[in-house]
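Computed from the coordinates by the stated procedures, all read-outs in this text should not be read as laboratory data. Values in this document were obtained by computation on a predicted structure and should not be read as measured data. Positions of Cβ are backbone-derived with ideal geometry, glycine not excepted, and every protein chain shown enters the neighbour counts.
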Amino acid sequence: MRTTLVTWNLKGSAGPDITGVVDHLRATGADVIALQEVQWHQARAIARSLGARSWRWGFKHWPVRTWPEGMAVIVVARQVRVRCRALSHRWRPWSWRRRIVQVAQVGPAAGGGSSADDAGSASFTLVNVHLTPHGEVELRAVETAAVLELVTTRAGASVVGGDLNERPGGAIHDQLAAAGLRDGWGEGPGADPPPAGGGRQADPWPTNWPGWYRGTPQAPTRQLDYVYVSPAVTSVAVEAPRGGDPGFERFSSLSDHLPVTAVLELP
């Protein structure tokens, strides 16, 4: 069974253009959407515009001067059960440093098989993550270990997607690989990395603009967003918009991150 997942850090505090976000999600044919840095009313507007059958928002923190920020899982044509838990700084609900994780059990598509076997084969676990940024390597490793504990205790196909705040070659990639998960970028189409400003080489699949401002003409240079899958996922192809693609310039006005699309083949 083929499923299209889109994960996207929307930088909701900057007020993204919801119409532009929805247009891209429709263009990808997304069945399942995992959002980070999204406010409740933004997630609701996206879900309603897509005619989603179910969606869940999870509280991350409340910066007081604006609306609370969180994460969301939106499922277009299926039912979903979502639990949310804190990964770090649990008792600091006002702090941006607080990190949460959403664990979603995505059910079979509407109109799918009615037998227990059909239902089981059509469902999977999605873990929506947004790990601690910057140089806090040890804390990020602790958060990753907590995520892996959630994944390894569940049977069937599992997908970990989101903003890992880790560039290629970072330590948590070794953690995820040691747990039997594989990086979807490694199975997607290859391409030479684009040049970055100042002569520095960009990451292979850049998804983030450092020092972003709305409408920046600069190309993204950092690869922070990933989709990892368990062995039960038979194949995965991951990609993101690239500089030079038709319409690429609109993405720098939506968020400081690019959307990442993963086409999954489930058993």
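Compute the length gained on full extension between Ala177 and His41: take 0.36 nm times their separation in residues and subtract their Cα-Cα distance, giving the result in nm to one decimal.
45.4 nm
List the extent of the Cα atoms of the chain along each of their three principal axes, largest first, rounded to whole Å.
57, 43, 38
Pairs of alpha-carbon atoms within less than 8 angstrom and 6+ residues apart define the contacts here; what relative contact order does the chain have, in percent?
19
Simple spin-label model, 7 Å along Cα-to-Cβ: Val64 to Ser235 in nm?
Reported label-point gap for Val64 and Ser235 is 5.3 nm.
Run lengths n ≥ 4 of DSSP H only: what is the helix-derived mean residue ellipticity at 222 nm for the chain, with -39500 (n - 2.57) per run over all residues, to the nearest 500?
One gets -6000 deg cm²/dmol as the mean residue ellipticity at 222 nm.
So in the chain, what percent of DSSP beta bridges are antiparallel if you round to the nearest 5?
For the chain, the DSSP antiparallel bridge percentage is about 80.
List the DSSP H helices in the chain whose Cα atoms stretch 20 Å or more along the helix axis and whose mean Kyte-Doolittle hydropathy is at least 0.0.
Helices passing the filter in the chain: 137-152.
For Glu149 and Gln79, what does the FRET efficiency come to when R0 = 30 Å and r is the distance between their Cβ atoms, rounded to the nearest 0.05?
Between Glu149 and Gln79 the formula returns 0.75.
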